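Beneath this line is the structure, given in structure tokens, with notes to follow.
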Amino acid sequence: MALKTFTWCVDAGATQDTELKTNVTQFGDGYEQVSSIGINNARESWPLSVTGRSDKTKAVRQFLLDHKGVTPFIMTIDGETKTYRTDGNISRNHLGADVWRVSFNVRQVFIS
């Protein structure tokens, strides 16, 4: 299966969040042992938005809906190209005239 690429520019001001998956075992004397859960234990997520005319934001929304939060896609954020999936809600808000904003979250995925 060939992955599709998200080609629209996202609005500046996005916030990168990195979740580190670890396993911690604590002992009675205060000592703790920490290990990574999996080989890819650092996973990025971003709250993003795309603002533009109605036809542009409808296309972005449809792209995200077509992937159903399950199928990954390729996206470049902050100059780095990685694989993501939509995580959570997709909202489209009218800002005035023919200007709309699509807001959504993406979560990094690792595929083989």
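Take A42 and tell me if it is small (G, A, S) and under 19 Å from N89 (Cα atoms). No.
In this structure, is T15 open to solvent by less than 70 Å² (accessible area, probe 1.4 Å) and either more than 14 Å from R92 (Cα to Cα) or modelled with pLDDT under 90 (or both)? Break it down into steps so the answer makes sense when it comes.
On the way: open to solvent by less than 70 Å² (accessible area, probe 1.4 Å): no; either more than 14 Å from R92 (Cα to Cα) or modelled with pLDDT under 90 (or both): yes.
Taking the combined requirement at face value, the residue does not satisfy it.
From the list R85, R53, the one residue that fits, being crowded, with 16+ Cβ neighbours inside 10 Å and in contact (Cβ under 8 Å) with a residue 12 or more places away in the chain, is R85.
Against the condition open to solvent by less than 70 Å² (accessible area, probe 1.4 Å), more than 15 Å from the chain's Cα centre (by Cα) and over 30 Å from V99 (Cα atoms), how does G28 come out, does it pass? No, not satisfied.
Hey, could you check region 88-112 for residues that are over 14 Å from the mean Cα position of the chain (by Cα) and more than 15 Å from D11 (Cα to Cα) and say which is most open to solvent (accessible area, probe 1.4 Å)? That would be S112.
Could you say whether any residue in region 76-92 is hydrophobic (A, V, I, L, M, F, W, C), assigned to a strand (DSSP E or B) and closer than 21 Å to K4 by Cβ?
As a first pass, look at region 76-92 and keep what is hydrophobic (A, V, I, L, M, F, W, C): 77, 90.
This time we only want the ones that are assigned to a strand (DSSP E or B), so: 77, 90.
Within this subset, residues satisfying the condition of being closer than 21 Å to K4 by Cβ are 77, 90.
Yes: region 76-92 contains one or more residues that are hydrophobic (A, V, I, L, M, F, W, C), assigned to a strand (DSSP E or B) and closer than 21 Å to K4 by Cβ.
The values are calculated or read from the model by the stated rules, or taken from the named source; none is laboratory data. Only a predicted model underlies this, so the values are computations on that prediction, with no experimental measurement involved. With ideal geometry, Cβ positions are generated from the backbone for all residues, glycine too; neighbour counts draw on all protein chains shown. Note: areas computed on protein heavy atoms with side chains; ligands, DNA, RNA excluded. Shrake-Rupley method; radii C 1.70, N 1.55, O 1.52, S 1.80 Å.
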